[in-house]
Each structure stands twice: as C-alpha cells, then as structure tokens.
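Since every read-out is calculated from the coordinates, none of them should be taken as a lab result. Note that the coordinates shown come from a computational prediction; the quantities given were computed from them, not determined experimentally. Methodologically, a virtual Cβ is constructed for each residue, glycine included, from the backbone with ideal geometry; neighbour enumeration extends over all protein chains shown.
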Amino acid sequence: MRLFAPALTMALAGILAAADCGGGGEDGPSETPTLTTLSADIFQPRCGNAGCHSSDNPAAGLDLITDPHASLVGVDSISDPALKLVGAGDPNNSVLLLILEGPVGASRQMPPGVTLPAEDVDAIRAWITAGAAND
C-alpha cells in the first residue's frame, strides 16, 4: 500500500504538468472571432450569397453582406421587440442564436432546413459574448 500513494501522487503531478493550466498556447482557448471573419466564413457564403440576406434580397429586411453589424447589433427583433437580433454581450437573448440553434425544419430555424456546424454557432456565440464588436 505504501508504494501506491507515492505512485499516485507522481501520476497526478504529471497529469497537472501536462495540462498546462495557464491557458493559451496551441491547445489553449482560441481568440474571439471577429465580425470580419464571421462575415467572410459564415454570413456571406451561407446567408447573403445564398440569396436570402443580401442587398438584392434583404429577407426580413436583413442585409448581411453590406453592413452586418448595422443589420444585427442592437436591432429589435420584428417577431419579439423585447429581444435584439444581436444583444451585445447577451447571446442567450440574441435572436440570431435562437434562430441558428432552432430545431431543424422549424419555421424560424436558419438556414432553412439545415443546421450550421457547431463550431460556426460557437464562433458566433463567442463574438456576441465578447460584445459583438464592429471590426
């Protein structure tokens, strides 16, 4: 029994050292996505250029190509004016996330009939949580 305790202690010390509890680094948390990145990777190809939310066809009055920040951040929802399309710092009450995370096939779920990859939704959530900056 005496050999077990030191071995366990050494194993735990090795695990904690390998975990790099300081954060950062290659396996640490990534930087908050920027609106520029979100626009290029998600909003333009999947929402605007898909023919739904562009200046040529601003479905629900929403143009995500020309100026996504002005179209989203601080803008009252048409369906629920108590909510913002994007409430800076408030992802759980941002209609954009409610719609993106909606059940597939629901009338309010976007994009229609599909689910965005979790990493895309997580990136949008991180941007909103960090204050939805216009970069």
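General observations
- When only alpha carbons of segment 35-129 are considered, Rg and Dmax amount to 12.0, 30 Å.
- Prolate/oblate/rounded call for segment 73-123, Cα gyration tensor, a/c under 1.5 rounded: oblate
- Here the relative contact order of segment 35-129, from alpha carbon pairs under 8 Å that lie six or more residues apart, stands at 18 percent.
- Each peptide among 80-89, 124-133 gets the average number of other Cβ atoms lying within 10 Å of its residues, and from highest to lowest they stand as 124-133, 80-89.
- Multiplying the residue separation of Ala40 and Asp80 by 0.36 nm and subtracting their alpha-carbon distance yields 11.6 nm.
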